[in-house]
1. If one takes the longest principal axis of the Cα atoms in the chain, at what angle in degrees, from 0 to 90 and to the nearest 10, does the Cα axis of helix 382-394 lie?
2. Placing +1 at every Lys and Arg Cβ and -1 at every Asp and Glu Cβ, with all other atoms neutral, what dipole size does the range 1-151 have around its Cα centre, in debye to the nearest 20?
3. Would you mind finding the longest exposed-site-free stretch of the chain, with exposed chymotrypsin sites (Phe, Trp or Tyr not before Pro) meaning DSSP loop and at most 12 other Cβ atoms within 10 Å?
4. How far is it, in nm, from the label point at ARG204 to the one at THR282 when both lie 7 Å from their Cα along the line to the Cβ?
5. Each label point is 7 Å from the Cα along the Cα-to-Cβ direction; what then is the distance between the points at ARG234 and THR194, in nm?
6. For an R0 of 25 angstrom, estimate the FRET efficiency from the Cβ-Cβ distance between LEU333 and THR305 and round to the nearest 0.05.
7. Treating the beta-carbon of each Lys and Arg as +1 and of each Asp and Glu as -1, no other charges, what is the dipole magnitude of the chain about its Cα centre, to the nearest 20 debye?
8. With an 8 Å cut-off on Cα pairs and a minimum separation of 6 or more residues, tell me the relative contact order of the range 201-392 in percent.
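A short reminder: the numbers here are calculations on the coordinates, not readings from a lab. Fair warning: this is a prediction, and the values are worked out from it, not measured in the lab. Here the Cβ positions follow ideal geometry from the backbone for every residue, glycine too, while neighbour counts run over all protein chains shown.
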Amino acid sequence: MTGKVVIIHYAAPPVVGGVESTIFHHARFLSEAGYQVVVVAGRGDVFHPQVDFKQVPEIDSRHPEVLEVGKSLAQGRVTQAFTKLRDRIANSLRPILADAHTCMVHNAITLHKNLPLTAALRMIANEKLTKMIAWCHDFAWQDQLYASDLHTGYPWKLLRRVWPGVTYVVVSHHRQERLVELMQLPKEKIQVVTPGVDISKFLRLTPLTLELVERLNLFDAAPLMLLPARITRRKNIEFGIQVVASLVKSFPKTQLVITGPPGPHNPKNIAYLQELVALVETFGVTSNITFLYQQKSEGEPLQITDDVIADLYRLSDLLFFPSYREGFGIPVLEAGLSRIPVFASDIPPVRESAGSWAQLFDLNDHPTDVAKKIIVCLTNDPTYQLKRRVVDQFSWQNIVRDRLIPLVEHPEGFEM
């Protein structure tokens, strides 16, 4: 994927705002996908090393000339100053857009905050310099706060009429319905591309955690089960493998992460690890079980820090703790702080640390029965279900891959 994509708005990062945040993520991820991205704004600055920033002061909604022209427009007067400013803006934008594959315009096609810019963009759209996408967050004609600023005729009518050849995008299905009402566009002609969240940045994942997440595809794990323990027989890790083998029949993306290395005080623990690896292969769950110890770093076993462990708690959907014996059960406390369910063996130290708030199983229970308890818990847990919805539908990575890039590559401009 290559090509030049221009993004236009009144302001750009590091200016703080919802639209500016969307621009940041669009520009960042498109540039990482191989596009040449140019952000054009009246206010802002360079905000990413791979994104070009061009300032055109007159497209700022707060530029002095824009504010002065806006006073006349609010009174219903289209002055010579408006025409001159419109033409000057158009002349500034044409060279930037001349070799652009796509131009994404945020708000200026449906909002009146800089009508000379809106009018300049309409001229450029008519000239078909590039494929234009109207990214519609707000609609001036449907906001009572702006009623006194709007009038019949040009240029106000530009905000409520369909522009030939332009693709219309809204940020929610509610906005889609409003745009249908405003412009009498067929609903199927208005694409919905929501904003999203950058999971790794929001969770402030350490570089090593992020490397593991990407290497092991942990964002897609459903569920992600954490077993924070050294590899020793008393941790009963083989029971976890058997539970996963049952779980994958209902949740094929199940991932169990065992964090620790073989225990250092018994040489038989290396042999135990080898037994576990063989068991994983026997049950056919090699893609569902991860021993972090085996994730090499510069040829050496991976050393996991406390910060990475804390990250894994925040990422995980449940703690799985099937030990035969424990001194107390600190992981149960850590799971409580991380607000994730605890599935643990019914032994006195766990009862002492968890109280009545863990889902306990007998060490003689069948792995299939424990798997069924996990399925019931997660199926009825709104926190888990909402997390899956966010990861699957509203992560910026997925939005850009599934919705934005196809749109940039093949905008479906509306033809009159």
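1. Computed tilt is about 50 degrees.
2. Value, rounded to 20: 320 debye.
3. 1-327
4. 4.4
5. Placing both labels 7 Å beyond Cα along the Cβ direction yields 4.7 nm.
6. In this case the efficiency is close to 0.85.
7. With Lys and Arg at +1 and Asp and Glu at -1, about 960 debye.
8. In percent, rounded to a whole number, it is 24.
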